[in-house]
Amino acid sequence: MFSVRRLVLLPLLALALHAQSTTPTLTQALPAQTFLPGAAATTLDLRSYFGLPGVSGQVAQVDTVLGKFNVELFASDAPKTVENFMAYIAAGRWSNSIVHRSIPGFVIQMGGYTAATPPVAIAKFAPVQNEYKRSSLRGTLAMAKIGPAPGQVPTDATINSATSEWFVNLGNNSANLDNQNGGFTVFARVIGSGMTVVDAIAAVPVYNGGTGTAFENVPLRDIQTGQSNIEISNLIVVRSVAITPIYPASTGSTSVLSFSVTSSNPAVATAALSGSSLTLTPVANGSASITVTATDTNGNAITGTIAVTVGGPVAAAITAQPTPQIRMISGTSNTVVFNVTATGTPAPTYQWKRNGVNVTGKTTATYVLTNASDAQAGTFTCVVTNVVGPAEESRPSVLSFIVASGPSRLANLSILTDLASGESMTMGTIIGGPGTSSTATKPLLARAAGPALTQFGLGGVLADPKMTLNFTTPTPAVVIDNNNDWGGSATLASAFGAVGAFAYATSGSKDAAIFRPALAPGKYTVEVGDVGSASGTVIAELYDSTPDAAFTSSTPRLMNVSALKQIAFGSSLTVGFNIGGTTAKTVLVRAMGPTLSVFGVAGTMADPQLALYSGSAKIAENDNWGGDLQLSSAGDSVGAFSPSNAGSRDAILLVTLAPGSYTAQVSGVGSGGLALVEVYEVP
């Protein structure tokens, strides 16, 4: 036993530096499964779908009486030190050891002494050569060393003196530790949310267990008033340090990630786990949702779902018909798209007809007719079939060309969404278009309404929206306008009325708006947030303010409208847009997530899915774009960046729409994330 005296220390400092997120993630969507009755079970390797982002090195798990934390070893940066670390693990010398030093805001140190009273020094291997390369940042592990005597310079004997003791940096200690005694060898980092365990250890009261000894700053728990000697129960015991795989090798084995699974309908399909293998077994006809959850040591979890269908062959059936009437302007050349949706097992085949005659090569659910003019008018249908039953022919879609007063156009964009505290949202547009005047300008109205929504019975609105309009064609971008409170401006009120936007409730409301009567062609963004970083519901809108009577084929158009927004898993983002005019307009609607990572964007949605509605009726949907050349060609024609590859899980729709209002709904399959929603007019 040794006596203890409580040390009075400064409170733990608030630390702004955070390690890279290494909590579980869904690396790709779990695939839907379809079984015939009596089919054999299928097995999925969950290692292909779940992972820890950025973790590539071997992992060790430190099991303490206050919890477990995992560390990733940097074998490429400190090979000799990692070899030394693993030798102590293999010898079991850190099992039943203690944290013997704690300096809140600086380090906790362990690896030197056994859990005994008094503690006994752990048997040491030969010192390891110093391998200083990385800085001592918060969450990193470094080897402890013997320092030079006061006033003496470091020598090889002190620089290369590390043996069994190591510490976890509680803060950014680079300015201190990187510049003394040859630098300290950083050989690992804490991953996941393991620092919550480390910080809990650092929060334990610190005592002086003997001035001039290794126990001057020893953390002790549950010390009773008047207690002079410590018991083992007072020590912060490290039960073990062990090399630990990321994925479980067998059921119940120790690993960083553990898996659990449930079936929404075990009468249809069952799910069983064996280590990292998931076996799905069909039971009876029907549908089931299999939910798989990966949880790390500290309780961080991510969930993915598998849609399972069990059933026999089903005849092809049309579930969404082509648009019945498509009217274009006579004398013009246009892209026209016919879409049909059908189901069936096996998957149906398609054949499009014009005026009752098969159209060669048009054998997919989408038929894109490019450069369509008066001569291509006619009645279009699609025949769907499979080997099970009779063919079904769609209702007719009549393409005609009429005399119209002006071209159709993308008239506005609206997004009703919730912003988290401190979150902002970006809307974008491109003004211009083929055949339009490069010197003409565009009147544009942008709005961000929060308090005004209460007149429609909405609660929890964004208290004080703000917005900034940027001209992004030049580099760097230029701020051309901003607004906090609209202030009852007569100019803004008139602009609201001109485009049919709802009025703000009062002239003193905290809603925001910007009206620019003459914007030059180019690219623009609008940033929307809250002045006080509050959370709440907001509707953000962009309007083409050109009067219908003044709109001609040479008038600059909103070639594109877009929104960049974080979308939580289990929720969706609804983007509204309007086709103005009297004739149809073809648009390319995209929900881009995976491809954004090519541009260095972090936290993107792994698998967005997209549904398009006219009122409450779903008229088209897409999960994965599937490398359809018609879609990539349409994107190229409007200058949209290309999907990263044919297998990317971005979602894309190409549709021809009659004048009116539409909504595009975007959600994540298996996980949330940042998504870019875009609507392009296609000439």
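Each reported figure results from applying straightforward, stated rules to the coordinates on display, with no laboratory input. The model shown is predicted, which means the values in this text are computed figures rather than measured ones. Counting neighbours? That spans all protein chains shown, and the Cβs are built from the backbone with ideal geometry, glycine included.
With +1 on the Cβ of every Lys and Arg and -1 on the Cβ of every Asp and Glu, and nothing else charged, how large is the dipole of the chain about its Cα centre, in debye rounded to the nearest 20?
220
How do 579-587, 385-393 rank on mean C-beta neighbours within 10 Å, highest first? Numbers along the way, then the final one.
Numbers: 579-587: 22.6, 385-393: 14.2.
Ranked from most to least packed, the peptides come out as 579-587, 385-393.
What order, most packed first, do the peptides 154-160, 613-619 have when packing is the mean number of other Cβ atoms within 10 Å of each residue?
Order by mean packing, descending: 154-160, 613-619.
Can you quote the Å³ per residue value for the convex hull of the Cα atoms in region 568-683, rounded to an integer? Walk me through the numbers before you get to the answer.
Numbers: hull volume 10.7 nm³, N = 116.
Once divided by residue count, the hull of region 568-683 is 92 Å³.
Going by average Cβ neighbours within 10 Å, how do the peptides 594-604, 643-653 rank, with the highest at the top?
In decreasing order of mean packing, 594-604, 643-653 become 643-653, 594-604.
State, in angstrom, two size descriptors of region 482-573 derived from its alpha carbons: Rg to one decimal place and Dmax to the nearest whole number.
Considering region 482-573 through its Cα atoms, Rg and Dmax are 15.4, 44 Å.
L657's amide H: which non-local residues (gap 5+, or another chain) put their own amide H closer than 5 Å, with H modeled 1.01 Å from N in plane and none for Pro or chain starts?
K585, T586, V587
Give me the dipole magnitude in Debye, nearest 20, for region 186-301 about the Cα centre, with unit charges on the beta carbon: positive for Lys and Arg, negative for Asp and Glu. List each step's numbers first, then the result.
On the way: 3 positive and 5 negative charges, 51 e Å.
The calculation lands at about 240 debye.
To the nearest 0.05, what FRET efficiency results for T582 and T43 with a Förster distance of 45 Å applied to their C-beta separation?
0.20
So for the chain: antiparallel DSSP bridges make up what percent, rounded to the nearest 5?
95
What is the Cα radius of gyration of region 432-555 over 2.2 N^0.38 Å, N being its residue count? Mind dumping the intermediate values first?
Values: Rg = 15.4 Å, N = 124, 2.2 N^0.38 = 13.7 Å.
Compared with the compact-globule rule of thumb, region 432-555 sits at 1.12.
Using only helices, what value at 222 nm comes out for the chain when you add -39,500 (n - 2.57) per DSSP H run of length 4 or more and divide by the total residues, to the nearest 500 deg cm²/dmol? Could you put the intermediate results ahead of the total?
Numbers: 6 runs with 48 residues, N = 683.
The helix contribution divided over the chain gives -2000 deg cm²/dmol.
Just to be sure I understand, if you calculate log10 I(q)/I(0) by the Debye sum over Cα atoms at q = 0.07, 0.08, 0.11 Å⁻¹ for this structure, which of [x] -0.66, -0.80, -1.13; [y] -0.59, -0.74, -1.15; [z] -0.56, -0.73, -1.29 do you get?
Correct label, based on the coordinates given: [x].
Using 0.36 nm per residue of separation minus the Cα-Cα distance, give me the extension gain between S233 and A307 in nm, one decimal. Could you put the intermediate results ahead of the total?
Details: separation 74, 0.36 × 74 = 26.64 nm, distance 4.99 nm.
Extra length available between S233 and A307 comes to 21.6 nm.
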